[in-house]
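Colleague: Let me begin by handing over the structure; questions about it come next.
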Amino acid sequence: MNISRGFMVMGAVYLVVGILFGAYMGGSGDHTLAPVHAHINLLGFTLMTVFGVGYRLIPGLAEGILPRAHFWLHQAGALFLLLGLTLLMTGQVPEATIGPVFPVLEGTILLGAILWLVAVLRRT
């Protein structure tokens with residue numbers, strides 16, 4: 001698996017989703033899901049693009065199992081966090097039900113970020 005390409009492709013997917021989401025909110029006048037839109041752009045497009053560029057530009061950074069673990073932790077954490085936040089913000093799932101899941105998902109993203117940190121410290 002090419003980690004750089006994986007992050008860049010997923011970043012581009014989230015960019016398109018974020019733009020469509022923003023256009024929908026602007027057109028409908030309903031900005032209830034603005035926090036979801038912000039998370040799509042930051043966790044999805046921005047971070048994944050930065051990770052993709054980093055893995056491409058820093059020799060050796062993409063070697064080993066850490067980058068693959070980082071990729072999958074970030075993918076799972078971001079996707080399910082965004083879905084959970086959407087369910088919460090639309091009132092489809094009460095906060096008491098979904099609230100306890102958020103720390104697990106945030107921890108998944110944090111663990112991926114720690115793996116990124118370790119890789120950067122080892123290779124730069």
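All of the numbers you see were taken from the coordinates with simple rules; none came from a lab. Nothing here was measured: the structure is a model prediction, and the numbers come from that model. Cβ placement follows ideal geometry from the backbone for every residue including glycine, while neighbour counts extend to all protein chains displayed.
Colleague: Could you pull out every whole DSSP H run in the chain that spans at least 20 Å of Cα extent along its own axis and averages -0.5 or higher on the Kyte-Doolittle scale? Mind dumping the intermediate values first?
Modeller: Working: long enough: 3-28 (37 Å, 1.43); 65-89 (36 Å, 1.33); 101-123 (34 Å, 1.67).
Those that pass (Cα extent of 20 Å or more, hydropathy at least -0.5) are 3-28, 65-89, 101-123.
Colleague: Which one, F102, F51, M25, is farthest towards the positive end of the dipole of the chain when Lys and Arg carry +1 and Asp and Glu -1 on their Cβ?
Modeller: So the residue furthest toward the plus end is F51.
Colleague: Over region 49-124, calculate the relative contact order: mean separation of alpha carbon pairs under 8 Å at least 6 apart, over the residue count, as a percent. Show your work: numbers first, answer last.
Modeller: Details: 51 pairs, mean separation 34.8, N = 76.
Across region 49-124, relative contact order equals 46 percent.
Colleague: Let me check the size of region 3-123 from its C-alpha atoms; what are the radius of gyration and Dmax in Å?
Modeller: 15.5, 48
Colleague: To continue, here is another question. What whole number of Å gives the distance from the Cα centroid of region 1-34 to the Cα centroid of region 75-103?
Modeller: 17
Colleague: May I pose another question? With a sphere of radius 15 Å drawn around the Cβ of R56, what net charge do the other residues whose Cβ falls strictly inside it have (Lys, Arg +1; Asp, Glu -1)?
Modeller: Once all neighbours under 15 Å are counted, the net charge is +1.
Colleague: Something else: If the only charges are +1 at each Lys and Arg Cβ and -1 at each Asp and Glu Cβ, what is the size of the charge dipole of the chain around the Cα centre, to the nearest 20 debye? Please report the intermediate quantities before stating the final value.
Modeller: Numbers: 5 positive and 4 negative charges, 108 e Å.
Dipole of the chain, to the nearest 20 debye: 520 debye.
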